[in-house]
Amino acid sequence: MSWFTTSRFGMFIHWGLYSAAGGRWKDMETPWVSEWLMRKFQIPRNEYRKLADSFNPVDFDADFWMRSAAEAGMKYMVITSKHHDGFAMFDSSWDDYNIVKATPFGRDPLKELAEAGKKYGVRLGFYYSHEQDWYEKGGYGNFWDFPKEERTPEAFEAYLNGKVRHQVRELLTNYGDVAILWFDTPHIITKEQSSSLRKFVRDLAPDCLVNSRLGGEGEWDYVSLGDNQVPFERYTIPTEGIGTMNESWGYKPFDHNYRTVPEVLQTMAKLAACNANYMLNVGPDGKGNFPAEAQEILKGVGEFLKINGEALYGTTNFPLVYPDNRWGHVTMKENVLYFWCFRNPGEIRFYGIRNKLKTAGIIGGTSIAFSQKSNLDYDFHRLILSIPVDLPFPFVIKAEFDGLLSCNPEAYYAGVLEEK
Ligand code: GLC
């Protein structure tokens, strides 16, 4: 787990037949996430699969994808190997419904990414929709092709023991070390089924992490937050937030509602301050290109982390519970606090830290003035950091204290109501 929590930042990739459709069907467009196109318009499976006939991502370049992730400061990549539409983006012997057998492209992009990842030190994981599969009667969700009486618990069990185990085995044995199997949307899977699948994965790849969307209780290694959920609590177990750059996981060319770099960094800071990772999504198009807006965001985030990466990687959960600060967020590493500043309050007043502050300065910039005041009778401690006015935001203040941090847990809140 330590590589995971130390990494703090990864790349999510949603790439499939839906990327070629780009959220459009006939003369319509989906108002929602584009990877749900087949479900949104209840497209018959034999019509949807025709997308494969012309799926030929000639611009796909695994080296560019992995280099982009590495240069953006991302330490791992999770890519959709099979999404809810049931189409495998890898060479599977289960059936012909996959990128190698059903498309003119005829190559296995996951194999090429596994190779490229080694070159850039980016760990590779696979998203696998283990429950929803709109190509299979036993998969959950396709009520428009398969009548209810066919979609039985027995059919689902057969799907799990058939396609899912077959393809999970292929993913865990044909692509080298797999860092994460990222399952999604557990609706009907039982505790027994999820425990059994967890054991199946562990037996094949003991070091492969499994996220909580496997389903079942506690059969996973870390918690996946909700889509674009930004937390308001500090987590004590490994947790990962996931986010889109615009409003769709899959490629959606008419969705220009992209987040700015400061907005992405503020989400990153908030998640890190809550002890959670951030996996930021890219939805490549049907030719295998990253959208230009996505490349801009990756570039801006990478430039920020080249200077301020120490405020993210390897940071842990700062024990003091303090209010959600409008100016930014705080991460901690040993005897250092990192104040991620996104707007200028003129000064930062921070309470409850008993240690003496030794130095404070902008990472990559000037030192800054600070003052401390304590009243030991009340275990009251106040730190003031003076914020220079002429700095472009965001920036990070690094504050080094004399020893591991000791905090008054009730510095901000009355704590428990009942008398101790
Ligand atoms: C939701 C959507 C799915 C997407 C996932 C990303 O579960 O169903 O399309 O892959 O969020 O977290």
Practice task
Can you tell me the FRET efficiency between LYS26 and THR152 if r is taken as the Cβ-Cβ distance and R0 is 45 Å, rounded to the nearest 0.05?
Solution key: 0.90
Completion exercise
Charge tally for neighbours of HIS84 with beta carbon under 10 Å away, counting Lys, Arg as +1 and Asp, Glu as -1, is -3
Problem - Set of aspartates and glutamates near LYS111 by C-alpha distance (under 14 Å), chain-local residues within fewer than 8 positions excluded - result: ASP61, ASP63, ASP91, GLU170, ASP177
Exercise for the section: Quickly work out the ASP96-to-ASP390 label distance, labels modelled 7 Å from Cα along the C-beta direction, and quote it in nm with one decimal. Expected result: 7.0 nm
Problem - From the C-alpha gyration tensor of the stretch 169-235, square roots of 5λ in Å - result: 22, 15, 10
Problem - Between the stretch 1-74 and the stretch 228-306, the Cα center-to-center distance that results, in Å - result: 15 Å
Handout entry: Shape metrics for the stretch 1-138, restricted to C-alpha atoms - Rg then Dmax, Å
Key = 15.7, 49
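Anything over 24 Å Cα to Cα? Flag those among LYS26/LYS148; LYS82/LYS287; LYS118/LYS270; LYS75/LYS119, in the order listed.
LYS26/LYS148; LYS118/LYS270
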Handout entry: Student exercise, the stretch 328-401 dipole from Lys, Arg, Asp, Glu Cβ charges, in Debye to nearest 20
Key = 60 debye
Handout entry: Cα-based helix-to-principal-axis angle, 191-204 vs the chain, degrees rounded to 10
Key = 90 degrees
Completion exercise
Under the Karplus relation with 6.51, -1.76 and 1.60 and θ = phi - 60°, whole-Hz ³J(HN,Hα) for the stretch 81-97, x at Gly and Pro, equal 8, 8, 9, 4, 6, x, 8, 8, 8, 8, 7, 10, 8, 5, 7, 8, 7
Completion exercise
Computed over the stretch 1-58, the Cα gyration tensor eigenvalues, each multiplied by 5 and square-rooted, give semi-axes in Å (largest first) of 30, 14, 10
Practice task
State log₁₀ I(q)/I(0) for the stretch 65-220 at q = 0.09, 0.11, 0.16 Å⁻¹ as given by the Debye formula over alpha-carbon point scatterers of equal weight, solvent excluded.
Solution key: -0.29, -0.43, -0.89
Practice task
Subtract the Cα-Cα distance of LYS50 and ARG107 from 0.36 nm times their separation in residues, and report this length gain in nm to one decimal.
Solution key: 18.7 nm
Practice task
Would you mind checking the tilt of helix 62-71 against the longest principal axis of the Cα atoms of the chain, expressed as 0 to 90 degrees and rounded to 10?
Solution key: 10 degrees
Problem - Local electrostatic count, PHE183, Cβ distance below 12 Å [Lys/Arg +1, Asp/Glu -1] - result: -1
Completion exercise
In whole Å, largest first, the alpha carbons of the chain cover along the principal axes 73, 47, 39
Exercise for the section: Quick one: net charge around LEU271, please, counting Lys, Arg +1 and Asp, Glu -1 for every other residue with C-beta under 12 Å from its C-beta. Expected result: +1
Handout entry: Stretch gain in nm, segment ASP379-VAL58, where the contour uses 0.36 nm per residue and the Cα spacing is subtracted
Key = 109.1 nm
Problem - Cβ crowding within 10 Å averaged over residues, with 177-184, 85-92 ranked highest first - result: 85-92, 177-184
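Kindly state, to the nearest 0.05, the FRET efficiency for SER406 paired with HIS187, given R0 = 51 Å and r defined as their beta-carbon distance. All intermediate terms of the calculation are to be shown ahead of the outcome.
Working: r = 46 Å, r/R0 = 0.91.
Rounded to the nearest 0.05, the efficiency is 0.65.
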Practice task
Please work out the FRET efficiency for the pair PHE254 and TYR313, using the Cβ-Cβ distance as r and a Förster radius of 35 Å; give the result to the nearest 0.05.
Solution key: 0.45
Problem - Computed over the stretch 332-380, Cα set: Rg, Dmax in Å - result: 12.3, 38
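Read-outs: derived from the displayed coordinates by stated rules, not from any lab. No experiment lies behind these values; they were computed from the predicted model shown. Reconstructed Cβ throughout: ideal geometry from the backbone, glycine too, with neighbour counts over all protein chains shown.
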